[in-house]
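Presented below is the structure to which this report refers.
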Amino acid sequence: MKWFLKNIAALAWVAISLTFSASCKKRGETVKSDLGEAGYKLTQEDWFRASRENDGTALKKFIAAGFKPDARNPDGDSALHIAASAGAENSADFLLKRGLSVDLRGGAERTPLMAAVMANQTGMVRWLLRQGADPRAKDKDGFIPLMLAVREGSGGSVAELSSYNRENLDAALLLAALVGRADVIDSLTNYGASVYARMEDGRTPLMIAAENGNTEAVKLLLDLGASRYTTDPDGRTAADIAKAAGHEDIVAIILREPLPEELVLESPEKIAEKMDSFVDAAEAKEAGRPIAGSKNIQSKGPAIFNTQSRISPKRNISRSINGETLSTSVANLPAPAGTAQVVANSTAGVSLPFAMPPLIMRHYSERELPINVQSVQGDTATVSIAGVSPKQMKVRTGETIPGSHLSVVSVRRRMEDSKVSQGRKMEISVMDVRDTATGTTREWTSGISAEAHDPVALVEDSATGKRYVASQGQRFKAADGTEFIVSDVRPNQLVIEEVATGAVQTIPLRGPRG
């Protein structure tokens, strides 16, 4: 009896297994039939096709038939990479919900985000970033998504990625100049990349574009304010570099006779006004609204930035530059709630918030003139003026440089450590000039291109939208008495140092689009 019952149980299990197997086989055949009706075969090739065609229903049937979601094609890419490169958001969403990582590595160690960038799928780039894709991941060649976007000329992807890669914008601009991607240069500079950026060897984006014969990039960089007079450590301008590379057409674009407005020493108020107007214009362009005029700029008295009444009238802060006391126009900024109050170290007593959030560096400015001091003999200086036909002339103390309002105040020679002498003391020629139209004074030295003004940054309080100008050497004092100084103004960041401890805080350039 026991033997009979035991065998009956075994036969029952066999019957159940056969029934289950038949059921599975039938379901598999049904899935295959359904896929067939949808135009697919249960193959790896069609799995990737369904992903590319954004067919989530078909993908579900593949999975139901036992297809593995992380299958790879011959290039090493997954269906998620295929979906990303096709802009197939439904497919990508389905695959992420089936457990695939948003940063899954495929061929060449690229992520789906990189695949979307390479295929110029701007919408998919945006969507993947919202799903948490890593914008700083590197492929096997060391390229991050932003650099791939620059290399491929994907302007939309550049715009999406720029806010995630503030620290890499200058490097991206240098790459764009190298490969001649004029189509992404404008986007990069709008997000904060600086036309004043330099390679380690001292070359600027304009120099790189000129050397590599990238005509459209050269034209755009000049339109964006790149200086045609900046020199590298060897004293070469972009035109010199283009000529050495055999690009005479680019030399002709860069070289021209200086315009009258290029032989001007602008007042600090005028510099502040121009920087503020630049940011306003960029913001208006981004928002698709008309660019406002400068109706709020007063011709006399304290200047008011043209920011649709966002900035209150400014007081004047005195500072010393090269021995000359200048008046810098600075907004009277109240400290935002919960932030440290910082007071400028001057008799004006202007209250400013310190360099902690919510301060943002919006713009940077420096300007070189087409003039170089060659030598000084007695009361006479020899200067050269760049142009199609460079000119060399002698000017005496009290005379005006031809074609300008620049009057020679004094000339002399002195010994100093020059940045062109590698730390050794050498004799340099010095010329003090004054712009009789603006009253601004500068000191120029031999071996260094003449500058119209010191490097300055436009800084914005994000809590109020108010702005002020910062330059090297300005001192600030917090409410608790702690003293700070603007130790450096760079194309991509403002550096502020606590005087007592030397602790440094940096404010990165975030550009007009923030």
- Residues (over 24 Å from the mean Cα position of the chain (by Cα), assigned to a loop (DSSP other than H, G, I, E, B) and under 20 Å from D417 (Cβ atoms)) located in segment 440-477: S446, G447, I448, S449, A450, G473
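Rundown of residues vs (1) in contact (Cβ under 8 Å) with a residue 12 or more places away in the chain; (2) part of a helix (DSSP H, G or I), yes/no style:
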position: L104; (1), (2): yes, no
position: R136; (1), (2): yes, no
position: G142; (1), (2): no, no
position: D183; (1), (2): yes, yes
- Of the conditions (1) of a type in the set (G, A, S); (2) assigned by TED's automatic domain parsing to the domain that holds G87; (3) touching a Lys or Arg at 6+ places or on another chain (Cβ under 6 Å), the single one that G192 does not satisfy is (2)
- Query: Taking G99 and the conditions (1) touching a helix residue (DSSP H, G or I) at 6+ places or on another chain (Cβ under 9 Å); (2) under 21 Å from A64 (Cα atoms); (3) not polar (S, T, N, Q), which numbered condition does it fall short on, given that it satisfies the others?
  - Reply: (1)
- Message: Being more than 19 Å from S227 (Cβ to Cβ), β-branched (V, I, T) and at pLDDT 90 or above is the requirement here; does V395 meet it?
- Response: yes
- With respect to K32, determine if the residue is part of a helix (DSSP H, G or I) and either within 20 Å of E89 (Cα to Cα) or modelled with pLDDT of 95 or more (or both). no
- Could you identify the single residue in S78, S85, S91, S51 that is crowded, with 19+ Cβ neighbours inside 10 Å and touching a strand residue (DSSP E or B) at 6+ places or on another chain (Cβ under 7 Å)? S78
- Residue by residue through segment 106-120, note down the ones that are crowded, with 24+ Cβ neighbours inside 10 Å and either among the polar types (S, T, N, Q) or part of a helix (DSSP H, G or I) (or both). T111, P112, L113, M114, A115, A116, V117
- Message: Checking the structure you have, find out if any residue of segment 63-74 is hydrophobic (A, V, I, L, M, F, W, C), part of a helix (DSSP H, G or I) and at pLDDT 95 or above.
- Response: no
- Task: Specify the residue that is surrounded by the most Cβ atoms within 10 Å (Cβ to Cβ); the eligible residues are those in segment 212-259 that are of a type in the set (D, E, K, R), part of a helix (DSSP H, G or I) and more than 22 Å from the chain's Cα centre (by Cα).
- Result: D240
- Pairing a residue in segment 478-489 that is part of a loop (DSSP other than H, G, I, E, B) with any residue that is among the acidic types (D, E) and modelled with pLDDT of 75 or more, where Cβ atoms lie under 9 Å and the two sit 6 or more apart in sequence or on different chains, gives T482/E498
- Query: Across segment 79-102, what is the total count of residues that are part of a loop (DSSP other than H, G, I, E, B), farther than 12 Å from R52 by Cα and touching a Gly at 6+ places or on another chain (Cβ under 7 Å)?
  - Reply: 1
- Query: Does any residue of segment 390-402 turn out to be surrounded by fewer than 17 Cβ atoms within 10 Å (Cβ to Cβ), under 32 Å from the mean Cα position of the chain (by Cα) and either over 27 Å from A171 (Cα atoms) or in the same structural domain as A272 (by TED's automatic domain parsing) (or both)?
  - Reply: no
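The values are calculated or read from the model by the stated rules, or taken from the named source; none is laboratory data. Being a predicted model, the structure only gives us computed values, none of them experimental. Please note: Cβ atoms are built from the backbone with ideal geometry, for glycine as well, and neighbour counts cover all protein chains shown.
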